[in-house]
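Before any comments, here is the structure.
The values are calculated or read from the model by the stated rules, or taken from the named source; none is laboratory data. Given the structure is predicted, the values throughout are model-derived calculations rather than measurements. A quick note on method: Cβ atoms are made from the backbone with ideal geometry, for glycine too, and the neighbour counts reach across all protein chains shown.
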Amino acid sequence: MAPNYRSARQCAQRWAEKWHGVVPRAVAVLEKNVESLLMHMQRLPEQPAIWVKIRTTNAIELLLQKLRKRIRPMCAFTNNASCERIVHPHSAPATRMGVKRL
């Protein structure tokens with residue numbers, strides 16, 4: 001982890017330069033959102049211990065985090081019904097918020 005905002009920006013820039021030729025769309029997303037990604041370092045510069053604890057409030061990222069945790073022990077779904085039983089309970093709250101069901 002970078003010790004401060006300036007170092008984090010430099011790391012992001014180096015990553016973008018390294019990967020631009022391989023994954024240009026990912027680099028474009030990072031470059032577009034780098035300020036948002038590093039906002040906590042600007043707002044709380046004297047509290048780096050908190051940086052690790054801060055989690056995203058992005059509903060989609062939270063959903064994916066929950067799904068990965070639930071799916072990780074499995075190697076594969078046995079059928080569509082199996083997938084539905086795992087995915088639907090986690091995606092239902094997102095559906096109610098206006099995000100289409102996975």
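What are the pairs with Cβ atoms under 7 angstrom where one residue, in region 18-29, is assigned to a loop (DSSP other than H, G, I, E, B) and the other, located anywhere, is of a type in the set (A, V, I, L, M)? Sequence gap at least six, or different chains.
HIS20/VAL27
Does GLU84 satisfy the condition of being surrounded by 13 or more Cβ atoms within 10 Å (Cβ to Cβ) and at pLDDT 75 or above?
On the way: surrounded by 13 or more Cβ atoms within 10 Å (Cβ to Cβ): yes; at pLDDT 75 or above: yes.
Answer is yes for this residue.
Return yes when TRP19 is more than 20 Å from GLN65 (Cβ to Cβ), among the aromatic types (Phe, Trp, Tyr) and in contact with a Leu (Cβ under 8 Å, 6 or more places away or on another chain) and no when it is not.
For TRP19, the condition - more than 20 Å from GLN65 (Cβ to Cβ), among the aromatic types (Phe, Trp, Tyr) and in contact with a Leu (Cβ under 8 Å, 6 or more places away or on another chain) - is not met.
Tell me yes or no: at least one residue of region 6-13 is modelled with pLDDT under 85, within 18 Å of the chain's Cα centre (by Cα), surrounded by 10 or more Cβ atoms within 10 Å (Cβ to Cβ) and of a type in the set (Gly, Ala, Ser).
Looking for residues that are modelled with pLDDT under 85, within 18 Å of the chain's Cα centre (by Cα), surrounded by 10 or more Cβ atoms within 10 Å (Cβ to Cβ) and of a type in the set (Gly, Ala, Ser), one finds none in region 6-13, hence no.
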